[in-house]
């Protein structure tokens with residue numbers, strides 16, 4: 001028996017099939033143990049796709065403990081190490097140590113890891129770590145190199161053909177932070193709305209997509225598209241220097257983070273500010289436009305409408321799905337008051353996946 005430590009489906013789907021061909025007489029057992037993956041939403045996404053992959057390949061899969069706090073303790077002091085540095089060695093040791101214990105528990109004679117097929121990992125580093133750890137538990141570590149002879153290209157083609165979930169970072173919070181810093185990209189994997197609204201291309205939106213894919217029996221395609229993404233980081237409204245309950249619609253933009261304005265006019269219960277094309281509506285008009293029954297702003301904030309409903313509302317107010325005007329929902333509106341809006345947001349180009357059912 002060979003226990004295969006699994007990190008992700010992109011690596012494992014290819015690796016397991018190659019291993020089946022190389023060791024046809026050995027039973028393969030998968031072990032998903034990756035407490036380094038952060039946040040948990042990303043961990044769950046990878047596990048979900050690994051489960052699907054193992055079901056397709058008829059390979060039994062075990063899930064290890066998501067002991068993220070223990071993993072943090074293990075790599076403490078090595079947070080700033082580069083990829084393939086000392087932190088990675090410690091991380092490999094931890095994951096392979098637990099995997100070796102699992103191999104011994106299940107009575108497996110051999111241990112290996114799908115990390116060996118990742119182009120981001122050092123085979124020599126993994127070999128040294130794996131052999132030393134496996135020996136302690138009385139199992140043999142298999143160092144196999146399926147990257148050679150165009151293996152990496154074959155692996156990526158297989159991942160694309162099988163529509164596997166393709167993560168865009170190694171896994172740990174330190175590698176993610178460094179990668180986004182070098183890319184000069186927003187670290188939106190760590191942005192979670194307090195109201196739990198599912199945002200475009202968030203980990204939660206990807207979970208919804210891949211959960212649908214996991215259970216579907218229909219033919220489908222997963223297609224990628226470029227789009228303009230948005231994250232509201234912080235925002236509040238003052239009326240005569242006092243903060244009032246408010247809800248700022250997604251894709252609300254201004255030239256400055258702080259804008260002082262007055263109400264200039266009211267057209268069909270939409271209140272127009274005298275600056276920055278800002279518009280305000282009351283919760284009563286909000287309910288009317290979307291056929292809702294919210295009692296106040298607090299209820300709306302704790303039980304938000306969906307992203308798609310926000311787009312519909314924006315279109316009803318601005319007659320334009322692509323509007324970037326600031327739209328604010330409030331309890332009441334005082335047309336004589338002095339208002340001040342504080343808003344911090346990120347508007348950026350992004351790529352998302354869509355699940356399209358065929359036929």
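Here are the numbers for this structure:
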{"read-out": "Test set (1) out of contact with any helix residue (DSSP H, G or I) (no Cβ under 6 Å at 6 or more places or on another chain); (2) part of a helix (DSSP H, G or I) - residue 167 fails condition number", "value": "(2)"}
{"read-out": "Failed item, numbered, when residue 242 is tested on (1) in contact with a helix residue (DSSP H, G or I) (Cβ under 9 Å, 6 or more places away or on another chain); (2) under 28 Å from residue 294 (Cβ atoms); (3) surrounded by fewer than 16 Cβ atoms within 10 Å (Cβ to Cβ)", "value": "(1)"}
{"read-out": "Conditions (1) in a loop (DSSP other than H, G, I, E, B); (2) closer than 27 Å to residue 300 by Cα: number failed by residue 204", "value": "(1)"}
{"read-out": "Criterion (at pLDDT below 95, over 15 Å from the mean Cα position of the chain (by Cα), in a strand (DSSP E or B) and at negative phi) met by exactly one of 224, 147", "value": "224"}
{"read-out": "Test set (1) at pLDDT 95 or above; (2) under 21 Å from the mean Cα position of the chain (by Cα) - residue 193 fails condition number", "value": "(1)"}
{"read-out": "Any chance residue 217 is loosely packed, with under 12 Cβ neighbours inside 10 Å and on the phi > 0 side of the Ramachandran plot", "value": "no"}
{"read-out": "Count - residues of the range 123-142 that are surrounded by fewer than 15 Cβ atoms within 10 Å (Cβ to Cβ), at negative phi and touching a residue at least 24 places away in the same chain (Cβ under 8 Å)", "value": "1"}
{"read-out": "Residue 60 loosely packed, with under 14 Cβ neighbours inside 10 Å and in contact with a strand residue (DSSP E or B) (Cβ under 8 Å, 6 or more places away or on another chain)", "value": "yes"}
{"read-out": "The range 160-172, residues that are modelled with pLDDT of 90 or more and buried (at least 19 other Cβ atoms within 10 Å of the Cβ)", "value": "164, 165, 172"}
{"read-out": "Criterion (at pLDDT 95 or above, buried (at least 17 other Cβ atoms within 10 Å of the Cβ) and assigned by TED's automatic domain parsing to the domain that holds residue 266) met by exactly one of 347, 324, 341", "value": "341"}
{"read-out": "Failed item, numbered, when residue 120 is tested on (1) out of contact with any helix residue (DSSP H, G or I) (no Cβ under 6 Å at 6 or more places or on another chain); (2) in a helix (DSSP H, G or I); (3) touching a residue at least 40 places away in the same chain (Cβ under 8 Å)", "value": "(2)"}
{"read-out": "The listed residue being outside the structural domain of residue 349 (by TED's automatic domain parsing), surrounded by 15 or more Cβ atoms within 10 Å (Cβ to Cβ), touching a residue at least 40 places away in the same chain (Cβ under 8 Å) and touching a strand residue (DSSP E or B) at 6+ places or on another chain (Cβ under 6 Å), out of 222, 263, 248, 270", "value": "222"}
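The values are calculated or read from the model by the stated rules, or taken from the named source; none is laboratory data. Note that the structure is a prediction, hence the values are computed from the model and not measured. Note that we place each Cβ from the backbone using ideal geometry, even for glycine, and neighbour counts take in every protein chain shown.
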